[in-house]
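The values are calculated or read from the model by the stated rules, or taken from the named source; none is laboratory data. The shown structure was predicted, so the numbers you read here are calculated from the model rather than taken from an experiment. Note: ideal-geometry Cβ built from the backbone for every residue, glycine included; neighbour counts use all protein chains shown. When the accessible area is computed, the model is the full protein with side chains, heavy atoms only, and any ligands, DNA or RNA have been set aside. Shrake-Rupley method; radii C 1.70, N 1.55, O 1.52, S 1.80 Å.
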Amino acid sequence: MTDRLSYEEKKELPDSAFGLPERREYPMPDAAHVRAAEAYFRYCPENLKPRLAQAILARAREFGVDVQSPIVLSYASR
């Protein structure tokens, strides 16, 4: 499994699988995508970073991923 989803795969995911569901951005249907969302966190608009960080941590717990990024962790605690 790569961290790339096809348009069709992404289209079939429920909103709840996305870090930013209203924008359908940062899909996290599995552990590999949670790690990808952590890696691409810096590209998230500043005003949405706290919400995305919390979503990353929630999905990480679900999939047993250890979030390493101090930036993601600091935004999640805001």
Report task. Would you work out which of PRO50, GLN68, GLY19 lies farthest towards the positive end of the dipole of the chain? Charges go on Cβ: Lys and Arg +1, Asp and Glu -1. Result -> PRO50
Query raised in the report: At a 1.4 Å probe, what is the % contribution of carbon and sulfur to the accessible area of the chain?
Result: 53 percent
Report task. Only helical DSSP H runs with n ≥ 4 go in: add -39500 (n - 2.57) per run for the chain, normalise by residue count and round the 222 nm mean residue ellipticity to 500 deg cm²/dmol. Result -> -13500 deg cm²/dmol
Report summary line: Expected sort for 14-24, 28-38 on mean C-beta neighbours within 10 Å, highest first, is 28-38, 14-24
Requested in this report: Grab the eigenvalues of the alpha-carbon gyration tensor for the chain, scale each by 5, take roots, and send me the semi-axes largest first in whole angstrom.
Outcome: 19, 14, 10
